[in-house]
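Okay, so here's the structure we're looking at.
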């Protein structure tokens, strides 16, 4: 399953699979976290090194803060964490460096207090073709990118009309949004902002589905980059 393969011939099957995926979310077996940035927030003070490693830096921030590791519930034995990254198209040296960086998550004083164990062999890359949960996540994430970037409005050259694949993707996006509302209980879920705080402190860990619009601490606001 890949978001980009969505068309009118397979959208029914994708909806059935996504319903099953969100059933697992509703049952508390799967928790989904989506992070994105908005172009209007232009980072300031970035060095060439920051630019070159921006993907890894954002990924690290996502792992550290997006999953609420600080709010891990008490365990009888120290909990172990495994991290499966989708394959990274980069040099082995860069990936190895990043894995070492991720391994330092447990040095955070609040994460360390949970007793969390994260060992180098538990940080690995996998092929999404071999993991159905990653395939479902690809479809959910793709739908968010599709809508947030106004791709549902794309017109075919020379016709002034939307293509069949665009219509199929819009249908699937609306279905996914309905599933998000179902599992979160938020009938007015806004995909373009950070999900509101939970009623309980550990919501970053225990809430079924969350969005995080990442805004750099140091940034300029460029209104010209806003969507029409």
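The values are calculated or read from the model by the stated rules, or taken from the named source; none is laboratory data. All figures in this text were calculated on a predicted structure; none of them were measured in a lab. Neighbour counts run over all protein chains shown; Cβ positions are idealised from the backbone, glycine included.
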Qualifying position, being modelled with pLDDT of 90 or more and out of contact with any helix residue (DSSP H, G or I) (no Cβ under 9 Å at 6 or more places or on another chain), among 74, 79
79
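Quick grid of which residues meet (1) in contact (Cβ under 8 Å) with a residue 24 or more places away in the chain; (2) surrounded by 17 or more Cβ atoms within 10 Å (Cβ to Cβ); (3) not in a strand (DSSP E or B):
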| position | (1), (2), (3) |
| --- | --- |
| 89 | no, no, yes |
| 93 | no, no, yes |
| 100 | no, no, yes |
| 129 | no, no, yes |
| 136 | yes, yes, yes |
| 145 | yes, no, yes |
| 156 | no, no, yes |
Restricting to region 164-202, what's the tally of residues that are in contact with a strand residue (DSSP E or B) (Cβ under 8 Å, 6 or more places away or on another chain) and farther than 23 Å from residue 153 by Cβ?
4
Residue 216 passes all but one of (1) within 15 Å of the chain's Cα centre (by Cα); (2) under 30 Å from residue 51 (Cβ atoms); (3) surrounded by 14 or more Cβ atoms within 10 Å (Cβ to Cβ); which number fails?
(1)
Taking interchain pairs and intrachain pairs at least six residues apart, which have beta carbon atoms under 9 angstrom, with the first residue in region 59-78 and touching a residue at least 12 places away in the same chain (Cβ under 8 Å) and on the phi > 0 side of the Ramachandran plot and the second surrounded by fewer than 15 Cβ atoms within 10 Å (Cβ to Cβ) and outside any helix (DSSP H, G or I)?
68/202
Has region 137-149 got at least one residue that is touching a helix residue (DSSP H, G or I) at 6+ places or on another chain (Cβ under 8 Å), at pLDDT 90 or above and closer than 21 Å to residue 53 by Cβ?
no
Criterion first (under 20 Å from residue 56 (Cα atoms), touching a strand residue (DSSP E or B) at 6+ places or on another chain (Cβ under 7 Å) and in contact (Cβ under 8 Å) with a residue 12 or more places away in the chain) does residue 122 satisfy it?
yes
Given the conditions (1) surrounded by 11 or more Cβ atoms within 10 Å (Cβ to Cβ); (2) free of Cβ contacts under 8 Å to residues at least 12 places away in the same chain; (3) farther than 30 Å from residue 176 by Cα, every one holds for residue 107 apart from (1)
Taking the options 206, 198, name whichever one is surrounded by fewer than 17 Cβ atoms within 10 Å (Cβ to Cβ), within 27 Å of residue 63 (Cβ to Cβ) and modelled with pLDDT of 90 or more.
206
When residues of region 11-60 are filtered for being at pLDDT 85 or above, assigned to a strand (DSSP E or B) and more than 20 Å from the chain's Cα centre (by Cα), how many remain?
0
Residue that is surrounded by fewer than 15 Cβ atoms within 10 Å (Cβ to Cβ) and touching a residue at least 24 places away in the same chain (Cβ under 8 Å), where the choices are 164, 186:
164
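Yes/no matrix, rows are residues, columns are (1) over 28 Å from residue 143 (Cα atoms); (2) surrounded by 15 or more Cβ atoms within 10 Å (Cβ to Cβ):
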site	(1), (2)
14	no, yes
21	no, yes
24	no, yes
34	no, yes
55	no, no
65	no, yes
113	yes, no
118	yes, yes
